[in-house]
Amino acid sequence: MNTMRAPGLRWLLAMWGLCCMARCLAEPARPLEPIKLRHADAVIETASPALYDGRDVFVPLDVARALRCTVTVLDREESAIIGVPDGHRKEVALTRLRRVPMIPLASLAPILSLRFSVQDGECELVPIAPSSVAAKPVKPAKTASSVKPWVQTDPPGAQPGVQQPPPKSSSGTSSDRQSVQRTGAGPSGVQSPETVEGAGQLGTPPTQQSVATPVDPPPATVTAPIKAGVDRGPIRIREVVCEAVDPAQARVVIVADGPLRPTVRMAGAASELTVDLPGTILDSPVTEWTFANPLVASARAATTGAPGVTRIVFALRRLVTFRDRVLPPDSMEVVLRLPKLVGRRFDEMRIVLDPGHGGPAATGCSAMVNGRRIYEKDLNLQIARLAYERLRKAGLDVSLTRTTDVAVSLSDRPMQANNKLADVFVSIHVDDAPGNSRASGPTAYYHGSDVEGRALGLALVEGVARAGDLPSRGSRSDLSRFTTGMAVLRRAEMPAVLIEIAYISNPSDRAKLISPEFQAAVAGAIADGIRRYVEGRLPADAGTPSAETVGAQEPEGL
Ligand SMILES: [Zn+2]
């Protein structure tokens, strides 16, 4: 459609991209060297030194203690819970360097509302003043040129407004590094530390905002001014097109007369794809489009968007994954695909279910009920066992990472799934927001920007919410909760989701969690959600299975 436009610009963009890549490849991290830490004009003394590799600073745990935090190391030193003086707690991934467990400073600093910079062999920690968080740029580190921001706010030819998270990786260092940028960058498309903490299983009360957000947070919320729109008035949306690429893939294209900065998200229990286009107006006599497409039924221009924002809502026929992309100079596309397992028989799936926590030390969250303490680890196991039975009855090859109250390390859990060549991995947990008894409902987490995990998460979270009569909190990236994501998801090699069933800190959720009827309903919903993902069926779709799934049983048969 616009592929031949502005070939010179495209060439420049390609060269710019290559230059960036070459620069990145040419600057490997340096060998680790000790670095002095300074905070409030004093040197922080540590038993073993903080280390710097030219990009990241890693600090031993006593640095957190020196900054008046409590540190609880979990699961064979893979992560630690940092208790901040104001009472908040947050989990951070640990890295073992020179046999010492270390915290990437990029993970620790934001928790303490600090930013840091490296200069002349010293790392200085400076408080972020609340009012200056958005306005003050990060003091550039010595090697700032090698630090690539996670969200590209305005480089020439970038995809404006599109979140560009790091690829799924087995090490957390890339996202650690990016958070150097996050700390002070303010509205950069990444949730602010306040919002991030809102999801808090680990003791941070969710903010009102996060409680009220039932769907996946928009992947990009870049709020930089739209220069073209300011200079020349609003950009005009000319056309909305949907193409069937093949039976499993569709492409929707929005054509305008200037650059677009879209925000794309799944809404309406995954049955709608919503595209918000700030700084635009619809310049088309048509406001509704219908498509004879196996994945997309229609599109309509909604009137519910914010002022100056054109909202196009696509009604979907199937559960799909999606990737959006800006097509400079004046278009954007969203590629929709059926989940990758569609086409395979559901009863041939290999599933690993992971009841979270376990053993005497890792109890998860807990609450007193009628004078007895209820532990998350037991609820997780109970629900996982019931889901196991459901799936087993439907003929699937299912296993549990633990069948009794034993400790299993965070890395062993996804490794069990990897070793079994599982098709789907689901970790089952219960959420907690101490101090906030209103937070309610299930949340699904997928790793990073994994689109398969996002779709699986939607199928699970919507089903669990419906089965338990709870508000869905959507399918969210684990980066919204932990700087480096969640270890159980990061290491899984298949579509993987961690689902928090409900809040033990909410009296109504808690009463449900301990009820055998609720546990059975949720277990059925987990089994059914896996099935919907495998078959590419919408969470709300009660209809008959599609052509690919003929021969499979009805979900009720699970
Ligand atoms: Zn848990």
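Give me the net charge for the shell around Gly395: Cβ to Cβ below 10 angstrom, other residues only, Lys and Arg +1, Asp and Glu -1.
That sum, taken over residues with Cβ under 10 Å, equals 0.
Give, as a single signed number, the net charge of other residues whose beta carbon lies under 14 Å from the beta carbon of Phe518, with Lys and Arg counted +1 and Asp and Glu -1.
Taking every Cβ under 14 Å from that of Phe518, the sum is 0.
Cβ neighbours within 10 Å, averaged per peptide: list 327-334, 351-358, 513-520 in order, most packed at the top.
Averaged packing, sorted descending, gives the order 351-358, 327-334, 513-520.
Keeping all protein chains in place, calculate the accessible area per residue for the stretch 232-337 (probe 1.4 angstrom), answer in Å².
39 Å²
Taking the convex hull of the Cα atoms, report for the stretch 355-401 its projected area averaged over all directions, in nm².
3.7 nm²
Output the pairs from Lys90/Lys340; Lys377/Lys512; Lys420/Lys512; Lys393/Lys420; Lys377/Lys420 with a Cα-Cα distance over 26 Å in this structure; if there are none, say none.
Violating the 26 Å Cα-Cα cut-off are Lys90/Lys340; Lys420/Lys512.
How do Tyr388, Tyr533 rank by accessible surface area computed with a 1.4 Å probe, from largest to smallest?
Tyr388, Tyr533
Hey, if we sort Ile237, Ile281 by accessible area with the 1.4 Å probe, largest down, what's the order?
Ile281, Ile237
List the residues whose amide H sits under 5 Å from the amide H of Ile237, counting only those 5 or more places along or on another chain, with H placed 1.01 Å from N in the peptide plane.
Placed amide hydrogens put Ile281, Leu282, Asp283 under 5 Å from Ile237.
Using mean Cβ contacts within 10 Å as the protection proxy, how do 61-69, 364-372 order, highest first?
61-69, 364-372
With a 1.4 Å probe and every protein chain left in place, tell me how much accessible area Glu45 has, in Å² to the nearest 10.
150 Å²
The values are calculated or read from the model by the stated rules, or taken from the named source; none is laboratory data. Because the structure is a prediction, the values reported are computed rather than measured. Glycine also receives a Cβ, built like all others from the backbone with ideal geometry; neighbour counts cover every protein chain displayed. Note: accessible area is taken over every heavy atom of the protein model, side chains too, but ligands, DNA and RNA are not part of it. Shrake-Rupley method; radii C 1.70, N 1.55, O 1.52, S 1.80 Å.
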